[in-house]
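The values are calculated or read from the model by the stated rules, or taken from the named source; none is laboratory data. Every value quoted in this text rests on a predicted model; they were computed, and no experiment measured them. Here the Cβ positions follow ideal geometry from the backbone for every residue, glycine too, while neighbour counts run over all protein chains shown.
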Amino acid sequence: MKILVTGGAGFIGSALIRYIIGRTNVSVVNLDKLTYAGNLESLDDVCDNERYAFEHVDICDRAELDRVFLEHQPDAVMHLAAESHVDRSIDGPAAFIETNIIGTYTLLEAARLYWQEMNDSQKAAFRFHHISTDEVYGDLEGPEDLFTESTPYAPSSPYSASKASSDHLVRAWQRTYGLPVLITNCSNNYGPYHFPEKLIPLIILNALEGRPLPVYGKGDQIRDWLYVEDHARALYKVITEGQVGETYNIGGHNEKQNIEVVQILCSLLDELRPVAGNTYASHLTTYKDLITHVQDRPGHDLRYAIDASKIQRELGWTPEESFETGIRKTVEWYLANTGWIEHIKTGAYQGWLERNYSHRPANP
Ligand code: NAD
């Protein structure tokens, strides 16, 4: 089996590819535009594997997509490429409309053309798996409410609205053209190789440098946190065992207020890298002294929480990490992988392609 993964140089895509190459016999073609969020250094462990290939392609480029389908002949597509940061979508929504909506449409059309040319058995086996977010559901009112697969869509931000649009396109391509699709909607992920603009890595790295730890408003927003490797395992289960046409919600059963998450991170850092031994923080008594409440994001959803009972019941998936075990692993990873972080800070990670290929002679 060969899977075309879009957005494989991103946070979740790279975890998925490390999982597939490391734990299965499946081959992967990683198709990625390498925006600021794409980091091929996250795939250093697998990039020399003969079952891995990389294509530097934008999902909005139809001609290039057609070439990749023809050249690699994938049996399935797992579509993760997206603009993914809510704050950036508020500052500049255009890239979100372009990649998340137009890009998904372009990829669907390229996949449909390729699929239509297949023989009947290949057609029946083909899968298009669209990876989406629980943010399409908007936020929850009651403290006990959960998002199910039939919760109506009510996105709040340009990011979640663009993801909701792409979900609708994917469903329409099945209903109208018969393309065999699956959709997953997942809660907030955390773990190693997370780009430091997102809450958890931002807090860890700011704390280590003695900088303020910004918390939106009172920090009472609730998110359901899932360890990224649990998400990768769930995605692989869905592409290999999921029912065509179905949607699966994926969540971690780990609801936490943002302020709680920040306090847990500070406590772990106090234990693993005490302020007394950190020149940037030696004037503090605890990293918690750095917590700074800042003006809230406009339209900020208060609470997300997932009912993941369908994927548990039908596919036997449950998360392996609790928040306590996953967050400790995450902090330990950031403390041990300063090179990966340094390359992001200096921008050196974006030179990976040139560094890797410029000294290699072309094949005769
Ligand atoms: P990310 O921002 O870390 O990575 C996105 C990847 O897509 C990057 O490698 C980037 O270079 C690539 N990309 C962007 N535009 C592209 C384009 N036009 N063509 C080709 N590649 C392009 O995102 P992530 O956190 O890994 O999220 C992956 C997917 O999972 C997204 O679709 C996101 O909506 C969804 N999701 C994320 C979370 C989360 O907590 N991070 C939760 C649920 C769902």
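When the range 274-312 is examined, which residues are found to be in contact with a helix residue (DSSP H, G or I) (Cβ under 8 Å, 6 or more places away or on another chain) and of a type in the set (Lys, Arg)?
Matches in the range 274-312: Lys288, Arg297.
So which of Asp120, Asp134, Asp139 ends up being more than 18 Å from Ile97 (Cβ to Cβ), more than 16 Å from the ligand (Cβ to nearest atom) and among the acidic types (Asp, Glu)?
From the options Asp120, Asp134, Asp139, the qualifying one is Asp120.
I'm told Ala76 meets every condition in (1) within 14 Å of the ligand (Cβ to nearest atom); (2) crowded, with 19+ Cβ neighbours inside 10 Å; (3) not aromatic (Phe, Trp, Tyr) except one. Can you identify the failing condition by its number?
With respect to (1) within 14 Å of the ligand (Cβ to nearest atom); (2) crowded, with 19+ Cβ neighbours inside 10 Å; (3) not aromatic (Phe, Trp, Tyr), Ala76 is out only on (1).
Can you tell me which residues in the range 124-162 are farther than 19 Å from Val238 by Cα and assigned to a helix (DSSP H, G or I)? Walk me through how you get there before you give the answer.
Let us first name the residues in the range 124-162 that are farther than 19 Å from Val238 by Cα, namely 135-146, 151-162.
Once the filter is applied, which keeps residues that are farther than 19 Å from Val238 by Cα and assigned to a helix (DSSP H, G or I), the range 124-162 yields Glu135, Val136, Tyr137, Pro158, Tyr159, Ser160, Ala161, Ser162.
Consider Ile259 carefully, then state whether it is within 16 Å of the ligand (Cβ to nearest atom) and hydrophobic (A, V, I, L, M, F, W, C). Give the derivation first.
Details: within 16 Å of the ligand (Cβ to nearest atom): no; hydrophobic (A, V, I, L, M, F, W, C): yes.
No.
So that you can scan it fast, the table gives a plain yes or no per residue for (1) surrounded by fewer than 17 Cβ atoms within 10 Å (Cβ to Cβ); (2) more than 10 Å from the ligand (Cβ to nearest atom); (3) farther than 20 Å from Arg171 by Cβ:
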residue: Leu80; (1), (2), (3): no, no, no
residue: Asp87; (1), (2), (3): yes, yes, yes
residue: Asp91; (1), (2), (3): yes, yes, yes
residue: Phe96; (1), (2), (3): no, no, no
residue: Thr99; (1), (2), (3): no, no, no
residue: Ile102; (1), (2), (3): yes, no, no
residue: Thr106; (1), (2), (3): no, no, no
residue: Tyr114; (1), (2), (3): no, yes, no
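What residue, among those in the range 150-185 that are among the hydrophobic types (A, V, I, L, M, F, W, C) and over 21 Å from Glu98 (Cα atoms), is surrounded by the most Cβ atoms within 10 Å (Cβ to Cβ)?
If we filter the range 150-185 for residues that are among the hydrophobic types (A, V, I, L, M, F, W, C), which is where we start, we get 154, 161, 164, 169-170, 172-173, 179, 181-183.
Filter once more, so that each one left must be over 21 Å from Glu98 (Cα atoms): 179, 181-182.
Numbers: Leu179: 22, Val181: 27, Leu182: 23.
Of everything passing the filter in the range 150-185, Val181 is surrounded by the most Cβ atoms within 10 Å (Cβ to Cβ).
Could you count how many residues in the range 194-246 are among the small types (Gly, Ala, Ser) and within 12 Å of the ligand (Cβ to nearest atom)?
Selection size over the range 194-246: 2.
On the given criteria, is Val86 among the hydrophobic types (A, V, I, L, M, F, W, C) and at pLDDT 95 or above?
Numbers: among the hydrophobic types (A, V, I, L, M, F, W, C): yes; at pLDDT 95 or above: no.
It is false that Val86 is among the hydrophobic types (A, V, I, L, M, F, W, C) and at pLDDT 95 or above.
Would you check which residues across the range 10-24 are over 16 Å from Val238 (Cα atoms) and within 13 Å of the ligand (Cβ to nearest atom) and list them?
The answer is Gly10, Phe11, Ser14, Arg18.
Whether any residue in the range 54-63 is farther than 20 Å from Gly191 by Cα, among the aliphatic types (A, V, I, L, M) and out of contact with any strand residue (DSSP E or B) (no Cβ under 7 Å at 6 or more places or on another chain) is what I want to check.
yes
Could you check the range 59-83 and list, in sequence order, the residues that are assigned to a loop (DSSP other than H, G, I, E, B) and either more than 21 Å from the chain's Cα centre (by Cα) or modelled with pLDDT under 95 (or both)?
Asp61, Gln73, Pro74, Asp75
For the structure I just gave you, tell me whether Leu4 is in contact (Cβ under 8 Å) with a residue 40 or more places away in the chain and either in a helix (DSSP H, G or I) or within 11 Å of the ligand (Cβ to nearest atom) (or both). Give the derivation first.
Values: in contact (Cβ under 8 Å) with a residue 40 or more places away in the chain: yes; either in a helix (DSSP H, G or I) or within 11 Å of the ligand (Cβ to nearest atom) (or both): no.
When the stated conditions are applied, Leu4 does not pass them.
Can you spot a residue in the range 157-174 that is within 12 Å of the ligand (Cβ to nearest atom), among the basic types (Lys, Arg) and at pLDDT 95 or above?
Within the range 157-174 (the criterion being within 12 Å of the ligand (Cβ to nearest atom), among the basic types (Lys, Arg) and at pLDDT 95 or above), the answer is yes, since at least one residue qualifies.
Quick one: Asp45 ticks every box in (1) part of a loop (DSSP other than H, G, I, E, B); (2) within 11 Å of the ligand (Cβ to nearest atom) except a single one, so which number is it?
(2)
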